[in-house]
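A short worksheet on the structure shown next.
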Amino acid sequence: MSESSRFQSDLAKIIRAVVVLVLGGKCEKCHGTLLSVLEVDHVDGRDWSPRSMGSLKRALRYLDELESFLKTGTPRLRVLCRRCNAIDGANRGNHHIPDPPEYPKICDACGYVDCKCVLPF
């Protein structure tokens, strides 16, 4: 990674941290405070793709949206932890969170999975 790229990456992390802290510094749902898992979430979704831009440009976009919020008082951004953000996205139809796996039934008599024992379980 070049020195310029490293600088841009570090600057993006700082800007993102400032945005998260100004927005309260904790997940709005579970109140988690670990900065490495906190994410900036758009309350009503966003009209741009974060994958279409680099981390610095994305962080600057969040900063612009935060400035707009501070001027107008209309909240467009909030802080959610990665887990709560995924759940919220799934509830809005944006993501899918799989159900926990169903474990196979193990026979109490023989110890095999899905056996054909005649012994009752």
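The values are calculated or read from the model by the stated rules, or taken from the named source; none is laboratory data. Given the structure is predicted, the values throughout are model-derived calculations rather than measurements. Cβ atoms come from the backbone with ideal geometry, glycine included; neighbour counts cover every protein chain shown.
Worth pointing out:
- From the options Leu80, Leu66, Leu38, residue that is more than 21 Å from Asp10 (Cα to Cα), surrounded by 14 or more Cβ atoms within 10 Å (Cβ to Cβ) and modelled with pLDDT of 85 or more: Leu80
- When Gly24 is tested against (1) modelled with pLDDT of 90 or more; (2) part of a helix (DSSP H, G or I); (3) exposed (fewer than 15 other Cβ atoms within 10 Å of the Cβ), only condition (2) is not met.
- Any hit, the range 24-38, residues being among the acidic types (Asp, Glu) and over 15 Å from Arg83 (Cα atoms): no
- Restricting the range 39-54 to residues that are out of contact with any Lys or Arg (no Cβ under 8 Å at 6 or more places or on another chain) and not in a loop (DSSP other than H, G, I, E, B) leaves a set whose member that is farthest from Ile87 (Cα to Cα) is Ser52.
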